[in-house]
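Accompanying notes for the structure given below.
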């Protein structure tokens with residue numbers, strides 16, 4: 001009898017524990033909150049110096065916690081998942097002292113309701129560049145589940161398709177460890193002269209883990225001038241930046257107020273994580289005679305397949321008027337390439353030091369580059 005009671009009690013406890021465990025599993029909340037954007041509408045236009053009318057409904061099966069509003073330019077035509085439409089790279093027009101608009105702000109939802117209407121009047125600065133912008137809206141519930149949507153709107157006018165002699169080529173960026181610095185490089189040309197250069201960085205559909213931040217960066221550099229320049233900056237990446245894909249946009253404003261932008265993607269990784277693109281055994285001739293060939297070789301491996309390799313050469317001593325070379329080599333997603341090229345050096349190339357940049361772009365838009373110097377002799 002005593003054994004039967006003990007067995008029955010053990011069975012009861014096992015059933016109770018199983019029942020509690022099942023109830024706990026059923027109570028886990030993995031459902032994302034929902035977002036309904038009432039205003040602004042997709043493609044809606046606003047004047048610089050005016051207001052952006054923000055009206056959004058949030059809902060959750062349990063309880064809402066907070067929402068975040070992020071605004072950044074889309075002058076380079078980049079996209080996000082959850083974006084209602086896309087646009088091509090654009091050229092915008094505005095006064096030369098202006099720069100693209102960037103904003104990021106988090107709002108707490110008091111009382112943690114299941115439904116909430118967010119109604120804000122966001123002031124649009126008067127001194128920002130015209131063109132298309134992305135409004136990113138992120139909502140988070142009390143369990144940390146989040147959802148995100150993007151709406152594109154226009155400030156002033158969209159000058160898509162205009163050409164004002166502005167180019168941004170040979171963009172150098174690669175995957176970077178958080179807590180280190182991101183090397184940013186590009187070749188800039190502006191027919192009417194460079195007034196300013198801005199660099200904007202934001203996460204690409206990230207879901208930061210606990211203790212991480214969705215890193216954003218925005219800075220205007222006014223130290224660049226002339227009709228050509230080489231952008232070269234080092235940007236600190238926060239040690240707690242969320243891991244994942246980021247988008248970087250480089251915008252050039254000329255002295256007549258015309259603006260052009262280009263963008264690339266890169267990944268923020270943990271220390272010890274290797275880039276998805278590797279360049280090994282990179283070698284060029286240290287010295288070459290004007291009128292002869294420069295030999296370039298490198299071993300390239302790409303996890304996601306190589307789309308293009310950009311090669312750019314310019315004089316370090318007379319960047320504006322000296323001899324330069326630029327070419328793009330297209331590939332069909334090869335994962336391993338033995339890059340071996342001979343480049344004709346112009347017979348008119350002035351003697352002196354030259355800079356060579358080799359940039360690899362993979363199928364997913366990731367980039368990795370290497371650079372070197374060589375001398376041209378007579």
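The values are calculated or read from the model by the stated rules, or taken from the named source; none is laboratory data. Predicted model only: the values in this text are computed from it and were never measured. Because the Cβ atoms are built from the backbone with ideal geometry, glycine has one as well, and the counts that use them run over all protein chains shown.
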Could you say whether any residue in the stretch 102-109 is surrounded by 15 or more Cβ atoms within 10 Å (Cβ to Cβ) and either modelled with pLDDT of 85 or more or within 30 Å of residue 30 (Cα to Cα) (or both)? yes
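Of the residues that make up the stretch 251-261, is at least one within 30 Å of residue 139 (Cβ to Cβ) and either modelled with pLDDT under 90 or not assigned by TED's automatic domain parsing to the domain that holds residue 150 (or both)? Can you show your working first?
To start, the set of residues in the stretch 251-261 that are within 30 Å of residue 139 (Cβ to Cβ) comprises 251, 261.
Now narrow it down to the ones that are either modelled with pLDDT under 90 or not assigned by TED's automatic domain parsing to the domain that holds residue 150 (or both): 251, 261.
Scanning the stretch 251-261, I find at least one residue that is within 30 Å of residue 139 (Cβ to Cβ) and either modelled with pLDDT under 90 or not assigned by TED's automatic domain parsing to the domain that holds residue 150 (or both), so the answer is yes.
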Selection from the stretch 19-38 of residues exposed (fewer than 14 other Cβ atoms within 10 Å of the Cβ) and either under 24 Å from residue 247 (Cα atoms) or modelled with pLDDT of 80 or more (or both) yields 30, 31, 36, 38
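Can you find a residue that is over 21 Å from the mean Cα position of the chain (by Cα), assigned by TED's automatic domain parsing to the domain that holds residue 263 and crowded, with 17+ Cβ neighbours inside 10 Å anywhere in the stretch 171-183? Show your work before the answer.
Going residue by residue through the stretch 171-183, those that are over 21 Å from the mean Cα position of the chain (by Cα) are none.
No, there is no match, as no residue in the stretch 171-183 is over 21 Å from the mean Cα position of the chain (by Cα), assigned by TED's automatic domain parsing to the domain that holds residue 263 and crowded, with 17+ Cβ neighbours inside 10 Å.
Does residue 184 satisfy the condition of being assigned to a strand (DSSP E or B) and either at pLDDT 90 or above or closer than 29 Å to residue 271 by Cα (or both)? Working first, answer last.
Values: assigned to a strand (DSSP E or B): yes; either at pLDDT 90 or above or closer than 29 Å to residue 271 by Cα (or both): yes.
Yes: the conditions hold for residue 184.
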Going through (1) in the same structural domain as residue 187 (by TED's automatic domain parsing); (2) surrounded by 15 or more Cβ atoms within 10 Å (Cβ to Cβ) one by one, residue 282 fails only at (1)
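Condition check: more than 17 Å from the chain's Cα centre (by Cα), over 22 Å from residue 368 (Cα atoms) and at pLDDT 90 or above. Does residue 223 satisfy that?
Details: more than 17 Å from the chain's Cα centre (by Cα): yes; over 22 Å from residue 368 (Cα atoms): yes; at pLDDT 90 or above: no.
Answer is no for this residue.
Could you count how many residues in the stretch 160-178 are part of a strand (DSSP E or B) and at pLDDT below 80? Please lay out each step first, then the result.
Applying the first criterion (part of a strand (DSSP E or B)) to the stretch 160-178 yields 166-172, 176-177.
Pick out the ones that are also at pLDDT below 80 and you get 172.
So the count comes out to 1.
Here is a check on your reading of the model: is residue 77 exposed (fewer than 15 other Cβ atoms within 10 Å of the Cβ) and either in a loop (DSSP other than H, G, I, E, B) or at pLDDT 75 or above (or both)?
Details: exposed (fewer than 15 other Cβ atoms within 10 Å of the Cβ): no; either in a loop (DSSP other than H, G, I, E, B) or at pLDDT 75 or above (or both): yes.
Answer is no for this residue.
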Going through (1) surrounded by 13 or more Cβ atoms within 10 Å (Cβ to Cβ); (2) part of a strand (DSSP E or B); (3) modelled with pLDDT of 85 or more one by one, residue 291 fails only at (2)
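Take the residues of the stretch 121-145 that are surrounded by 18 or more Cβ atoms within 10 Å (Cβ to Cβ) and either more than 30 Å from residue 49 (Cα to Cα) or in the same structural domain as residue 258 (by TED's automatic domain parsing) (or both): which is farthest from the chain's Cα centre (by Cα)? Steps first, answer last, please.
As a first pass, look at the stretch 121-145 and keep what is surrounded by 18 or more Cβ atoms within 10 Å (Cβ to Cβ): 124, 128-141, 145.
Add one more test, that the residue is either more than 30 Å from residue 49 (Cα to Cα) or in the same structural domain as residue 258 (by TED's automatic domain parsing) (or both), and what stays is 140-141, 145.
Numbers: 140: 23, 141: 26, 145: 24 Å.
It comes out as 141.
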Taking the stretch 215-230 and keeping only residues that are more than 16 Å from residue 165 (Cβ to Cβ) and either touching a residue at least 60 places away in the same chain (Cβ under 8 Å) or not in a loop (DSSP other than H, G, I, E, B) (or both), one is left with 216, 217, 218, 219, 220, 221, 230
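Starting from residues that are assigned to a loop (DSSP other than H, G, I, E, B) and without any contact (Cβ under 8 Å) to a residue 60 or more places away in the chain, keep the ones in the stretch 191-209 and report whichever is surrounded by the fewest Cβ atoms within 10 Å (Cβ to Cβ).
Narrowing the stretch 191-209 to residues assigned to a loop (DSSP other than H, G, I, E, B): 191-193, 204-209.
When the remaining residues are screened for being without any contact (Cβ under 8 Å) to a residue 60 or more places away in the chain, the result is 206, 208-209.
On the way: 206: 21, 208: 17, 209: 11.
The extreme case among them is 209.
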| Before we move on, is residue 242 free of Cβ contacts under 8 Å to residues at least 60 places away in the same chain and more than 22 Å from residue 101 (Cα to Cα)? | yes
On the given criteria, is residue 97 in contact with a strand residue (DSSP E or B) (Cβ under 8 Å, 6 or more places away or on another chain), modelled with pLDDT under 90 and either farther than 25 Å from residue 224 by Cα or surrounded by fewer than 22 Cβ atoms within 10 Å (Cβ to Cβ) (or both)?
-> yes
